[in-house]
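Take a look at the structure set out below.
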Amino acid sequence: MSKPLNDAIHRITQRVIDNSRDSRTAYLGLMDREGERQVDRTNLSCSNLAHAFAGAEEDKEAIKRVVGPNLAIVTAYNDMLSAHQPYHRYPERMKIWAREVGATAQVAGGTPAMCDGVTQGQDGMELSLFSRDTIALSTIVALSHAVFNGVALLGICDKIVPGLLMGALRFGHLPAIFIPSGPMPSGISNKEKQRVRQLYAEGKVGREELLDSESASYHSPGTCTFYGTANSNQMMMEMMGLHIPGAAFVQPGVKLRQELSRAATHRLAALHKDGGDYRPLARVVDEKAIVNAAIGLLATGGSTNHAIHIPAFARAAGIRFDWTDLAELSHVVPLVSRVYPNGSGDVNHFHDAGGMGYVIGTLLDEGLAHPDILTVWDGGFESYSREPGMDGDDLAWRDPGPSGDDEMLRPASAPFQKDGGMRLLEGNLGRACFKSSAVEEERWTIEAPCRVFQDQHSVNEAFTKGELDRDVVVVVRFQGPRANGMPELHKLTPALGVLQDRGYKVALVTDGRMSGASGKVPAAIHCTPEALGGGPLSRLRDGDIVRVCAETGTLEAKADLDARDPASEPEPDMGMGREFFAMFRACADGAERGASAMLAMAGL
């Protein structure tokens with residue numbers, strides 16, 4: 001029998017509810033008004049409606065005569081992004097599956113879908129975070145045609161799922177389901193990939209060897225197999241009840257994947273307002289669902305990027321959630337999984353060991369997740385503690401049983417760590433996030449002279465010259481959302497990892513982001529206030545002693561920062577279209593609020 005909900009989780013959730021009372025009430029009121037307006041194709045003029053079904057081919061008569069619900073497909077398909085390449089055929093199949101239950105489906109619109117793996121360390125990475133707002137706006141444009149009764153969201157990767165969710169929440173009177181496509185099969189071992197990267201950073205292997213290694217890792221359609229932001233997205237959609245249960249980590253191209261997508265299409269057709277089981281997105285994504293997403297992030301050691309994304313999509317639903325909430329949850333939510341870069345195995349090994357069904361089951365057993373959230377599936381959240389499979393030609397679910405690998409998955413009653421994967425650091429350098437689940441405990445405290453840089457390329461140059469061969473806190477500033485769009489700085493990981501392996505005490509402090517694959521080097525990231533505008537990082541000088549301590553939650557410089565003038569601010573770089581994103585940079589709010597220009601300008 002499951003334990004009652006943990007008292008601390010109840011208290012934190014109640015605080016989120018209280019802090020959100022006015023904004024959530026306003027949001028739900030707007031969604032109720034939108035729903036009451038019945039803004040769908042029955043209210044359109046004949047001219048409007050004729051445009052909507054003119055290209056619908058065999059579905060034309062059904063849409064014209066309002067025979068059944070019409071489902072919007074918002075897709076982030078492109079075939080440059082391996083995770084999204086399988087989506088090519090989804091719309092045509094979903095139209096067939098919709099007809100099976102008397103519904104129709106149309107591609108309402110597409111959204112951008114950039115690959116952070118391609119843009120890491122490149123100029124394009126400065127567009128990455130703001131692509132989330134662009135995706136949200138694209139979703140809103142797609143749904144603005146007002147001819148739909150439900151929304152199928154096709155997206156997986158880093159900024160794409162949060163962006164799709166933020167946009168869809170502004171049409172929260174409609175039901176919505178996320179439909180993933182699954183991870184690629186495992187390639188070379190993650191340990192081997194990391195080894196070659198560090199050898200390349202040291203100049204011991206060349207570009208050809210590195211490219212061969214990377215190609216053996218990222219080798220086919222499907223999501224990258226490490227547990228970064230993309231796969232953390234899939235975990236959160238399960239924790240919030242926005243998937244068909246167990247859909248997250250089934251590989252592309254297998255019968256089970258197809259049947260899960262078919263079930264999602266059928267289920268979405270049943271959730272519309274006149275279908276007898278109305279479940280609007282605005283009611284599914286509530287305070288408890290947001291807290292469950294954060295709990296899943298902590299319990300699985302998920303991506304640091306979600307310390308930004310969760311507050312952002314929560315705000316789109318009128319919910320206030322911040323790093324204090326995340327840190328307090330981390331004190332009571334245990335780490336139950338270790339997936340690379342926090343462990344040796346990837347998401348395929350995680351799924352085979354019991355995956356999300358096991359994680360949700362053990363959290364519910366110990367009273368560490370809200371069991372009573374409204375989900376898109378009719379069995380409630382408990383259904384998500386089971387794993388999908390095929391029973392002949394039929395989709396079926398079963399108990400995942402005990403962990404198939406106790407180096408990968410452990411029960412919440414006997415976890416890898418008693419607390420979750422994130423710590424909040426505070427001090428005279430501001431507030432920052434620290435991913436403790438990825439760092440060995442003896443490295444949770446680093447105190448050393450700092451070396452200050454304005455960009456990540458300068459760090460790697462200094463490393464190559466041997467200037468960092470010592471105990472050092474590397475500070476990379478003017479990387480916040482208003483400075484240059486808050487790029488990921490994952491390209492620093494190999495060099496800093498080499499320094500650490502040489503026996504030096506090393507830490508990173510930055511107002512930028514690290515990748516969802518943040519690894520073994522201690523890092524205080526997302527520092528807020530950011531350096532631009534006179535934030536405390538702008539007052540640091542080379543040689544200042546900086547203390548980074550996850551144990552005490554400390555981020556401080558042993559210097560009188562208030563007595564100094566801030567460093568001169570660099571001019572924004574041009575090219576790669578970055579100049580067209582100037583309005584996003586100018587209007588973005590802080591990392592803890594989600595680093596969104598769109599939400600800030602909307603006053604949310």
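The values are calculated or read from the model by the stated rules, or taken from the named source; none is laboratory data. All of these numbers come straight from a predicted model, not from anything done at the bench. Note that we place each Cβ from the backbone using ideal geometry, even for glycine, and neighbour counts take in every protein chain shown.
Go through the residues of segment 499-506 one by one and say whether even a single one is in a loop (DSSP other than H, G, I, E, B), over 28 Å from ASP322 (Cβ atoms), free of Cβ contacts under 8 Å to residues at least 24 places away in the same chain and in contact with an Asp or Glu (Cβ under 9 Å, 6 or more places away or on another chain).
In the first step, residues of segment 499-506 are kept if they are in a loop (DSSP other than H, G, I, E, B); the result is 502-505.
In the following step, the residues that additionally are over 28 Å from ASP322 (Cβ atoms) were identified as 502-505.
Next, only the ones that are free of Cβ contacts under 8 Å to residues at least 24 places away in the same chain stay: 503.
Next, from what is left, pick out any that are in contact with an Asp or Glu (Cβ under 9 Å, 6 or more places away or on another chain): none.
No; the residues of segment 499-506 include none that is in a loop (DSSP other than H, G, I, E, B), over 28 Å from ASP322 (Cβ atoms), free of Cβ contacts under 8 Å to residues at least 24 places away in the same chain and in contact with an Asp or Glu (Cβ under 9 Å, 6 or more places away or on another chain).
For GLY343, state whether it is touching a strand residue (DSSP E or B) at 6+ places or on another chain (Cβ under 8 Å) and assigned to a loop (DSSP other than H, G, I, E, B). Walk me through it before giving the result.
On the way: touching a strand residue (DSSP E or B) at 6+ places or on another chain (Cβ under 8 Å): yes; assigned to a loop (DSSP other than H, G, I, E, B): yes.
Yes; evaluated as a whole, the condition is true for this residue.
Sort out which residues of segment 553-570 are among the polar types (S, T, N, Q) and in contact (Cβ under 8 Å) with a residue 40 or more places away in the chain, and write them in order of number. Outline the logic, then answer.
Applying the first criterion (among the polar types (S, T, N, Q)) to segment 553-570 yields 554, 568.
Of everything in segment 553-570, just one residue is among the polar types (S, T, N, Q) and in contact (Cβ under 8 Å) with a residue 40 or more places away in the chain, namely THR554.
Could you tell me whether segment 187-204 includes any residue that is surrounded by fewer than 23 Cβ atoms within 10 Å (Cβ to Cβ), more than 27 Å from VAL339 (Cα to Cα) and outside the structural domain of HIS349 (by TED's automatic domain parsing)?
yes
hydroxyl-bearing (Ser, Thr, Tyr), surrounded by fewer than 24 Cβ atoms within 10 Å (Cβ to Cβ) and in contact (Cβ under 8 Å) with a residue 24 or more places away in the chain: does that describe TYR218? Spell out the reasoning first.
Details: hydroxyl-bearing (Ser, Thr, Tyr): yes; surrounded by fewer than 24 Cβ atoms within 10 Å (Cβ to Cβ): yes; in contact (Cβ under 8 Å) with a residue 24 or more places away in the chain: yes.
Here the answer is yes, as TYR218 does meet what is asked.
With PRO252, PRO245 as the choices, which residue is buried (at least 24 other Cβ atoms within 10 Å of the Cβ), of a type outside the set (D, E, K, R) and not assigned by TED's automatic domain parsing to the domain that holds MET514? I'd like the intermediate steps shown before the answer.
Numbers: PRO252 fails: buried (at least 24 other Cβ atoms within 10 Å of the Cβ).
Just a single option satisfies the conditions, and that option is PRO245.
Answer with yes or no whether ARG257 is closer than 15 Å to VAL376 by Cβ and either modelled with pLDDT under 95 or not β-branched (Val, Ile, Thr) (or both). Give the derivation first.
Details: closer than 15 Å to VAL376 by Cβ: no; either modelled with pLDDT under 95 or not β-branched (Val, Ile, Thr) (or both): yes.
No; evaluated as a whole, the condition is false for this residue.
Quick check on my filter: what residues within segment 469-493 are under 14 Å from GLN456 (Cα atoms) and surrounded by fewer than 21 Cβ atoms within 10 Å (Cβ to Cβ)?
LYS491, the sole residue that qualifies.
Condition first: hydrophobic (A, V, I, L, M, F, W, C) and either touching a helix residue (DSSP H, G or I) at 6+ places or on another chain (Cβ under 8 Å) or within 23 Å of ALA270 (Cα to Cα) (or both). Now tell me which residues in segment 55-93 satisfy that. Full working, then the answer.
Residues of segment 55-93 hydrophobic (A, V, I, L, M, F, W, C): 56, 62-63, 66-67, 71-74, 76, 80-81, 83.
Across segment 55-93, the qualifying residues are ALA56, ALA62, ILE63, VAL66, VAL67, LEU71, ALA72, ILE73, VAL74, ALA76, MET80, ALA83.
Could you please give the count of residues in segment 537-578 that are over 24 Å from ILE446 (Cα atoms), more than 26 Å from the chain's Cα centre (by Cα) and not in a loop (DSSP other than H, G, I, E, B)?
Of the residues in segment 537-578, 1 are over 24 Å from ILE446 (Cα atoms), more than 26 Å from the chain's Cα centre (by Cα) and not in a loop (DSSP other than H, G, I, E, B).
Out of everything in segment 1-59 that is within 21 Å of HIS331 (Cα to Cα) and of a type in the set (A, V, I, L, M, F, W, C), what residue ends up being surrounded by the fewest Cβ atoms within 10 Å (Cβ to Cβ)?
Applying the filter and picking the extreme gives ALA8.
Out of all the residues in segment 144-163, is one or more of a type in the set (D, E, K, R) and either buried (at least 23 other Cβ atoms within 10 Å of the Cβ) or closer than 26 Å to ASN48 by Cα (or both)?
yes
Which residue is surrounded by the fewest Cβ atoms within 10 Å (Cβ to Cβ), if the candidates are limited to segment 312-338 and must be assigned to a loop (DSSP other than H, G, I, E, B) and in contact with a Ser or Thr (Cβ under 7 Å, 6 or more places away or on another chain)?
Going residue by residue through segment 312-338, those that are assigned to a loop (DSSP other than H, G, I, E, B) are 317-322, 333-334, 336, 338.
Still in the list and also in contact with a Ser or Thr (Cβ under 7 Å, 6 or more places away or on another chain): 318-320, 336.
Details: GLY318: 25, ILE319: 24, ARG320: 21, VAL336: 27.
This residue is ARG320.
Residues being within 29 Å of PHE321 (Cβ to Cβ), buried (at least 17 other Cβ atoms within 10 Å of the Cβ) and among the aliphatic types (A, V, I, L, M): count how many of those fall in segment 562-601.
7
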